[in-house]
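The values are calculated or read from the model by the stated rules, or taken from the named source; none is laboratory data. Please read these numbers as outputs of a predicted model, since none were measured by experiment. Here Cβ is always computed from backbone atoms with ideal geometry, including for glycine, and neighbour counts include all displayed protein chains.
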Amino acid sequence: MDHVFALQPGYAVFLGLHQYDGRLPDLARGATDGWTAGADRLLSELRAIPSDQMTEGRRLDRTLLELLLESPRFDLHESRDLDRNPMSFLGPISLTAYMVRDYAPLPTRVDAMVRLLDGVPALLDAARQRLEPVLPEPFVRLAATMAAGLSPHFQEAEAFARRASATLGDRLARSRAPAEAAVHDFLARLEGEWTRNATDEFALGPERYQTLLWVREGLRTPFEEIRRAGLADLRRNQARLEEIARGLAPPSTVPALLESIFRQHPSADRLIARAQELVGETKRFVEGGELVTVPSGAECRVEETPTYGRALSTASMNPPGPFEASGDEGIYYVTPVDPAWPAERQEEWLRSFNDPMLRNITIHEVYPGHYVQFLHFRRGANSFARKVFVSASFTEGWAHYCEQLAIEQGLGRGGPEAEVAQIHDALLRDCRLLASVGLHTGGMTLAEATDLFRREAHFEQLPAEREAIRGTFNPEYFCYTLGKLAILDARAKTLGPLFGGSLRGFHDRLLSFGSPPVGVLEALLGAGA
């Protein structure tokens, strides 16, 4: 894992391993070629261990370690992220982890921010030398948005340090200036040469896409089979939404039903407060229904999404990592209205945070979704390999499954709004899976993907375009529906035979595994590895 973290130190910090604080990876070609050679040696050593000398649990751990090495190897040599995607160089430049948690004295955390800022010019110099002259247009466009948000992010960090002392603020300011200059130079090239030369070609292709399913999720299932399962889930959700609309008195249509919900939104100045109220409501619902154990000490606060992250996030959870020593507090980020937006766009943004959908988002992000899952992660995952493996399909699949679970267990009973919001979000996740497969294996264009979200998920043009663009650089947004379906399948097979019908027993056992690749879920539940 030291070898993995050398390439991904921010991942180690996310897990709570603060010996990696302030580090940026060396992404020059020579350094990453050396990393690959080291990964190949480690893979050979792992695979040379005779399976008959290991318990079933240790065989699982070996698989996880193999995937942890194969996954970045895929990024380097198959998807070639460092040659094709400028966002790969901007993602590591985040100071948020050092500001949001009091895991160490403030001067220690400022030291980490200074070290990271000092490394930014070299990181972006490696990007300029390595990135190809012709890059996918969506990658360039979003990278420019990310880069433009870094200067306010650095200012935020300096203000944070200066609140503690002028000396700390001055230290950070001295490192901020050259980092900001490097970002501005990089942004100029993004908006100039790389924008002029951008191409529409971004797809992984069928073979690489199939490999992606293995290195991320331990799945050999053909992607066409996964596409068919996603399409079937889409049709089930659409049929239920039509059924709800027809069953109203008087009968309605799906667009009219959705419009009635979109109008039920808080004001801009009440958005964060309303999200905090819903955190309390959903926690009481989960505990009262005995859906899953909420560990003692669970507390989650709501904050505005940091400025630099608003281009790519509507709402998100910053959970305590499995090794984090500073406590169990979660931070639920909600992206506010930008007062600089025209009134029409402000209203459109608030409509997406209507009360039923904000409740559904809170279930996904907090109770019983991401936050509860990571609290169990901190207490379970009884091997080091399982404490460092984070599967997107398990993590997002669990949170998305929780939305459906809440409806099954009576959330919003007495009116259609809660279920309509849940289905609306499920349609989005179904379309993400279909767009992912289509964009990367079937020649689907961005315009066709946009139309998919508009036609099948009832999205308006702007958010539909945003979802389609995300699929170009994040094919793994199949993870929501893929993970949900895997958990539902595991529940159907084991809830009665192994857990006597106890949902809490099933959920607690499932979460005790940490965040495993969904390809091993059935084996884990069956064998108790």
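So, in region 411-433, exactly how many residues are touching a helix residue (DSSP H, G or I) at 6+ places or on another chain (Cβ under 6 Å), surrounded by fewer than 24 Cβ atoms within 10 Å (Cβ to Cβ) and more than 16 Å from Ser260 (Cβ to Cβ)?
4
Go through (1) assigned to a helix (DSSP H, G or I); (2) more than 23 Å from Leu68 (Cα to Cα) and name the single condition Tyr477 misses.
Just one mismatch for Tyr477, condition (2).
Only one residue in Thr335, Thr395, Thr314, Thr305 is modelled with pLDDT of 95 or more and outside the structural domain of Ala147 (by TED's automatic domain parsing), so which one is that?
Numbers: Thr335 fails: modelled with pLDDT of 95 or more; Thr314 fails: modelled with pLDDT of 95 or more; Thr305 fails: modelled with pLDDT of 95 or more.
It is Thr395.
Does Glu224 qualify as being of a type in the set (Asp, Glu), over 21 Å from the mean Cα position of the chain (by Cα) and either in a helix (DSSP H, G or I) or crowded, with 20+ Cβ neighbours inside 10 Å (or both)? Explain how you work it out, then say what you get.
Numbers: of a type in the set (Asp, Glu): yes; over 21 Å from the mean Cα position of the chain (by Cα): yes; either in a helix (DSSP H, G or I) or crowded, with 20+ Cβ neighbours inside 10 Å (or both): yes.
Yes: the conditions hold for Glu224.
For region 288-295, check the following and say yes or no: at least one residue is surrounded by fewer than 18 Cβ atoms within 10 Å (Cβ to Cβ), of a type in the set (D, E, K, R), in contact with a helix residue (DSSP H, G or I) (Cβ under 6 Å, 6 or more places away or on another chain) and not assigned by TED's automatic domain parsing to the domain that holds Pro152.
Yes, because at least one residue in region 288-295 is surrounded by fewer than 18 Cβ atoms within 10 Å (Cβ to Cβ), of a type in the set (D, E, K, R), in contact with a helix residue (DSSP H, G or I) (Cβ under 6 Å, 6 or more places away or on another chain) and not assigned by TED's automatic domain parsing to the domain that holds Pro152.
Could you go through region 244-265 and let me know if any residue there is at pLDDT below 95, in contact with an Asp or Glu (Cβ under 6 Å, 6 or more places away or on another chain) and outside any helix (DSSP H, G or I).
The answer is yes; a qualifying residue exists.
Assess whether Pro92 counts as being assigned by TED's automatic domain parsing to the domain that holds Asp26, more than 22 Å from Gly309 (Cβ to Cβ) and either small (Gly, Ala, Ser) or touching a Leu at 6+ places or on another chain (Cβ under 7 Å) (or both). Step through it out loud before you land on a result.
Details: assigned by TED's automatic domain parsing to the domain that holds Asp26: yes; more than 22 Å from Gly309 (Cβ to Cβ): no; either small (Gly, Ala, Ser) or touching a Leu at 6+ places or on another chain (Cβ under 7 Å) (or both): yes.
In short, no.
Just to check your reading of the model, which residue among Leu46, Leu27, Leu7 is hydrophobic (A, V, I, L, M, F, W, C), surrounded by fewer than 18 Cβ atoms within 10 Å (Cβ to Cβ) and either under 18 Å from Val120 (Cβ atoms) or touching a helix residue (DSSP H, G or I) at 6+ places or on another chain (Cβ under 7 Å) (or both)?
Details: Leu27 fails: surrounded by fewer than 18 Cβ atoms within 10 Å (Cβ to Cβ); Leu7 fails: surrounded by fewer than 18 Cβ atoms within 10 Å (Cβ to Cβ).
Every option except Leu46 fails the conditions.
Regarding region 56-65, can at least one residue be identified that is among the acidic types (Asp, Glu), surrounded by fewer than 19 Cβ atoms within 10 Å (Cβ to Cβ) and out of contact with any helix residue (DSSP H, G or I) (no Cβ under 6 Å at 6 or more places or on another chain)?
Checked region 56-65: no residue is among the acidic types (Asp, Glu), surrounded by fewer than 19 Cβ atoms within 10 Å (Cβ to Cβ) and out of contact with any helix residue (DSSP H, G or I) (no Cβ under 6 Å at 6 or more places or on another chain).
Select from region 423-465 the residues that are among the aromatic types (Phe, Trp, Tyr) and in a helix (DSSP H, G or I) and list them in ascending order. Lay out the reasoning, then the answer.
Here is the first cut: in region 423-465, the ones among the aromatic types (Phe, Trp, Tyr) are 453, 459.
Correct list: Phe453 only.
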